[in-house]
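Asker: Next up is a structure, given as structure tokens.
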Amino acid sequence: MEGSLITLALESSCDETSVAVVRNGREVLSNIISSQVDLHKKFGGVVPEVASRKHIENISCVIDEALEEANITFKDVDMIGVTYGPGLVGALLVGLSTAKALAYSLNVPLVGVNHIEGHIYANFIEHKELKPPFICLIVSGGHTHLVHMKDYGVYEVLGKTRDDAAGEAFDKVARALGLGYPGGPLIDNLSKKGNKEAINFPRTYLEDKSLDFSFSGLKSAVLNYLNNNRQKGIEISVEDVAASFQQAVIDVLVDKTITAAKRCSVKKIVLAGGVAANSGLRELLTARCREEGFELKYPSLRLCTDNAAMIGCAAYYDYIKGYRADMYLNAVPNLKLGDK
Ligand code: KG4
Ligand code: ZN
């Protein structure tokens, strides 16, 4: 393994227990994701205490599997990378305590990673030639950020959501439609069979020039539409509601991303986070980028949603910059992008 730096990375901020082995930041030797989705489905969303307990049960096995698939042992590990925020505090603490124990016992450096930053770095794994600067739209279950990434670890947040995250809106609307959890992929699939122009749901652009987002008004508009029609006994096309809702989200995301790129005179646009898996968003942004002359990158589906490989990649670049955590590193549930 000469000339290579092996990171063992841990991610447990929400409902996936994930461990990856990453060589030199961008080469993924293994990326094991143990999803708790089936467990939380019956509650219609993630139950924090249940998530923490399941992480505890899972983490050792997931570590063993990641090492085995990468065909390495603990002796080959050069550093530990771990998500320490943002996320659910109990869930974060499982990965963090495990990471500290490993770093201490193996006597290797520990690097704490910001989960939102991790989502952006998924793109560096997928696109080996990709380098900042670029505009990044990070859309997940917990976050919606429009960011100018000027260099590795250097961000200017141009806009963010003022209420619900994009993925949260997908999940809440899916629940109202009786579709289950997580709602994003279900709405995405149904949308393909629906008419996106059937219902004119509101697009919230906020004040002139604002690059912030707001999805709670749209969510309420969908709930009102469903209630009104149900009260009147009018049959609802779930496919049309899904397609029209999805289009209302995507239109605003795409318009603001293109505006941000023009405003910052940046030629590259990057998508990240769970909602980046949305087929409608990928298609519309691809078309708009082609029209406007922007280069667009997004990760494969597996790297869009939560995974430890993206944390391993971000940890490597933090390590190169000289960041090291000590045994006092704590979970920070509301960690902001750019905070260390
Ligand atoms: O990044 P992620 O795995 O977890 C967070 O950090 O939040 O994102 C999960 C979110 C969920 O809200 C899920 O519904 C959404 O991403 N999502 C999607 C799609 N796949 C996952 N939303 C829309 N379309 C999809 N295909
Ligand atoms: Zn995430």
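The values are calculated or read from the model by the stated rules, or taken from the named source; none is laboratory data. Everything quoted here is computed from the prediction, not taken from an experiment. Using ideal geometry, Cβ is built from the backbone for each residue, glycine included, and neighbour counts are taken over all protein chains shown.
Asker: Suppose the filter is touching a His at 6+ places or on another chain (Cβ under 9 Å) and either within 12 Å of ligand 1 (Cβ to nearest atom) or at pLDDT below 95 (or both); does Tyr181 pass it?
Answerer: yes
Asker: Another question, if that's okay. Return the residues of segment 133-151 that are more than 16 Å from ligand 1 (Cβ to nearest atom), buried (at least 19 other Cβ atoms within 10 Å of the Cβ) and not hydrophobic (A, V, I, L, M, F, W, C); say none if nothing qualifies.
Answerer: His148
Asker: Scan segment 154-162 and tell me whether some residue there is over 19 Å from the mean Cα position of the chain (by Cα), touching a residue at least 40 places away in the same chain (Cβ under 8 Å) and more than 14 Å from ligand 2 (Cβ to nearest atom).
Answerer: Looking through segment 154-162, none of the residues is over 19 Å from the mean Cα position of the chain (by Cα), touching a residue at least 40 places away in the same chain (Cβ under 8 Å) and more than 14 Å from ligand 2 (Cβ to nearest atom).
Asker: Sticking with this structure for a sec: Report, by residue number, each residue of segment 262-285 that is within 15 Å of ligand 1 (Cβ to nearest atom) and assigned to a loop (DSSP other than H, G, I, E, B).
Answerer: Once the filter is applied, which keeps residues that are within 15 Å of ligand 1 (Cβ to nearest atom) and assigned to a loop (DSSP other than H, G, I, E, B), segment 262-285 yields Gly273, Asn278.
Asker: Does Arg288 fit the bill of being farther than 25 Å from Gly217 by Cα, within 16 Å of ligand 2 (Cβ to nearest atom) and in a helix (DSSP H, G or I)?
Answerer: So Arg288 fails the test.
Asker: Still on this structure, please answer the following. So is Glu168 closer than 18 Å to Ala277 by Cβ and not assigned by TED's automatic domain parsing to the domain that holds Phe294 or not?
Answerer: Criteria not met by Glu168.
Asker: Continuing with this model, one more query. Has segment 235-252 got at least one residue that is more than 24 Å from Asn195 (Cα to Cα) and assigned to a helix (DSSP H, G or I)?
Answerer: No: segment 235-252 contains no residue that is more than 24 Å from Asn195 (Cα to Cα) and assigned to a helix (DSSP H, G or I).
Asker: Can we say Ala176 is crowded, with 20+ Cβ neighbours inside 10 Å and within 15 Å of ligand 1 (Cβ to nearest atom)?
Answerer: Values: crowded, with 20+ Cβ neighbours inside 10 Å: no; within 15 Å of ligand 1 (Cβ to nearest atom): yes.
Against the criterion (crowded, with 20+ Cβ neighbours inside 10 Å and within 15 Å of ligand 1 (Cβ to nearest atom)), Ala176 does not qualify.
Asker: Would a scan of segment 217-224 turn up a residue that is basic (Lys, Arg) and at pLDDT 95 or above?
Answerer: Checked segment 217-224: at least one residue is basic (Lys, Arg) and at pLDDT 95 or above.
Asker: Could you check segment 1-31 and list, in sequence order, the residues that are away from ligand 1 (no atom under 16 Å from the Cβ), of a type in the set (D, E, K, R) and part of a strand (DSSP E or B)?
Answerer: Matches in segment 1-31: Arg23, Glu27.
Asker: What is the number of the single condition among (1) more than 16 Å from ligand 2 (Cβ to nearest atom); (2) hydrophobic (A, V, I, L, M, F, W, C); (3) under 19 Å from the mean Cα position of the chain (by Cα); (4) surrounded by fewer than 19 Cβ atoms within 10 Å (Cβ to Cβ) that Ile269 does not meet?
Answerer: Unmet for Ile269, out of (1) more than 16 Å from ligand 2 (Cβ to nearest atom); (2) hydrophobic (A, V, I, L, M, F, W, C); (3) under 19 Å from the mean Cα position of the chain (by Cα); (4) surrounded by fewer than 19 Cβ atoms within 10 Å (Cβ to Cβ): (4).
Asker: Further, regarding this structure: Just checking, does segment 243-254 include any residue being without any contact (Cβ under 8 Å) to a residue 40 or more places away in the chain and over 18 Å from the mean Cα position of the chain (by Cα)?
Answerer: no
Asker: Right, next: Within segment 32-55, work out how many residues are in a helix (DSSP H, G or I), free of Cβ contacts under 8 Å to residues at least 40 places away in the same chain and touching a strand residue (DSSP E or B) at 6+ places or on another chain (Cβ under 9 Å).
Answerer: 1
Asker: A follow-up question, please. Within segment 187-209, does at least one residue satisfy the condition of being under 26 Å from Phe294 (Cα atoms), within 15 Å of ligand 1 (Cβ to nearest atom), among the β-branched types (Val, Ile, Thr) and not in a loop (DSSP other than H, G, I, E, B)?
Answerer: no
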